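One structure below.
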């Protein structure tokens, strides 16, 4: 296993932020059993549906992702949600993020969508009867719900720097309070550029 993704969560955000944690700036590094990197944009084929298979979206998650993206009236592209899940966990339902990634002590975020327990408690959706942070059938719909909430909020701020999708992704990664602080997507200097590059990787969807 190796550190695969850098994920920054900014605590002490405004109450409107679904990721407000009541803590300071925490650097999370996700470790995944899969050591490979994918081009996060190549998740949509020419017909507009998700590309499924090795190196793309695992077939067992494609329907969940498409359903989660379409569940709310915010026009969230399934390819964006797929790219975001890759950035969060590499599609690994057993992924864990640590406050101290070098020693792998103090686990903070869990599962395919990298929910923090304090966020999961109010935001987790029961997709199959158990409401389990580790279960993709619960976590993926919950992630879609959170992104759509953030997307709805982002659309109310057309003057902010970034598209609504980019603002929503930045809010998911670092908290909406940080988006408001910068009036847009965080600059590259914020937290060593981790949120900036997270948004770049998660928001690029190309057709093939």
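The values are calculated or read from the model by the stated rules, or taken from the named source; none is laboratory data. Computed from a predicted model, the values in this text were never measured in an experiment. Note that we place each Cβ from the backbone using ideal geometry, even for glycine, and neighbour counts take in every protein chain shown.
Restricting to helices (runs of 4 or more DSSP H) lying wholly in the range 120-207: which have 2 or more residues that are out of contact with any helix residue (DSSP H, G or I) (no Cβ under 8 Å at 6 or more places or on another chain), modelled with pLDDT of 85 or more and more than 22 Å from residue 82 (Cβ to Cβ)? Talk me through it step by step, then tell me what you get.
Working: elements: 136-154, 164-174, 176-182, 194-202.
The helices (runs of 4 or more DSSP H) meeting that bar are 176-182.
Within the range 84-107, track down each residue that is more than 15 Å from the chain's Cα centre (by Cα) and in contact (Cβ under 8 Å) with a residue 40 or more places away in the chain. Don't jump to the end; show me each part of the working.
Keep residues of the range 84-107 that are more than 15 Å from the chain's Cα centre (by Cα), which gives 94, 98-107.
Matches in the range 84-107: 94, 98, 99, 101, 104.
Filter the range 49-91 down to residues that are more than 14 Å from residue 151 (Cβ to Cβ) and either at pLDDT 90 or above or in contact with a helix residue (DSSP H, G or I) (Cβ under 9 Å, 6 or more places away or on another chain) (or both), then give me how many there are.
Step one: list which residues in the range 49-91 are more than 14 Å from residue 151 (Cβ to Cβ), which gives 49-67, 79, 82-83, 85-91.
Add one more test, that the residue is either at pLDDT 90 or above or in contact with a helix residue (DSSP H, G or I) (Cβ under 9 Å, 6 or more places away or on another chain) (or both), and what stays is 49-53, 56-67, 79, 82-83, 85-91.
Total meeting the criteria: 27.
Just give me the residues in the range 146-179 being surrounded by fewer than 18 Cβ atoms within 10 Å (Cβ to Cβ) and closer than 20 Å to residue 118 by Cβ, in sequence order. Please lay out each step first, then the result.
Pass one, the range 146-179, residues surrounded by fewer than 18 Cβ atoms within 10 Å (Cβ to Cβ): 152, 155-159, 161, 163.
If the condition is that a residue be surrounded by fewer than 18 Cβ atoms within 10 Å (Cβ to Cβ) and closer than 20 Å to residue 118 by Cβ, then no residue fits.
Residues checked against (1) in contact with a strand residue (DSSP E or B) (Cβ under 9 Å, 6 or more places away or on another chain); (2) surrounded by fewer than 21 Cβ atoms within 10 Å (Cβ to Cβ); (3) closer than 16 Å to residue 168 by Cβ:
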{"position": "59", "(1), (2), (3)": "yes, yes, no"}
{"position": "62", "(1), (2), (3)": "yes, yes, no"}
{"position": "68", "(1), (2), (3)": "no, no, yes"}
{"position": "71", "(1), (2), (3)": "no, yes, yes"}
{"position": "78", "(1), (2), (3)": "yes, no, yes"}
{"position": "88", "(1), (2), (3)": "yes, no, yes"}
{"position": "95", "(1), (2), (3)": "yes, no, no"}
{"position": "98", "(1), (2), (3)": "yes, yes, no"}
{"position": "102", "(1), (2), (3)": "yes, yes, no"}
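How many residues does the range 61-83 contain that are without any contact (Cβ under 8 Å) to a residue 40 or more places away in the chain and more than 19 Å from residue 166 (Cβ to Cβ)?
Counting residues in the range 61-83 that are without any contact (Cβ under 8 Å) to a residue 40 or more places away in the chain and more than 19 Å from residue 166 (Cβ to Cβ) gives 5.
Is it the case that residue 40 is modelled with pLDDT under 65 and either exposed (fewer than 14 other Cβ atoms within 10 Å of the Cβ) or in a loop (DSSP other than H, G, I, E, B) (or both)?
Details: modelled with pLDDT under 65: yes; either exposed (fewer than 14 other Cβ atoms within 10 Å of the Cβ) or in a loop (DSSP other than H, G, I, E, B) (or both): yes.
The answer is yes for residue 40.
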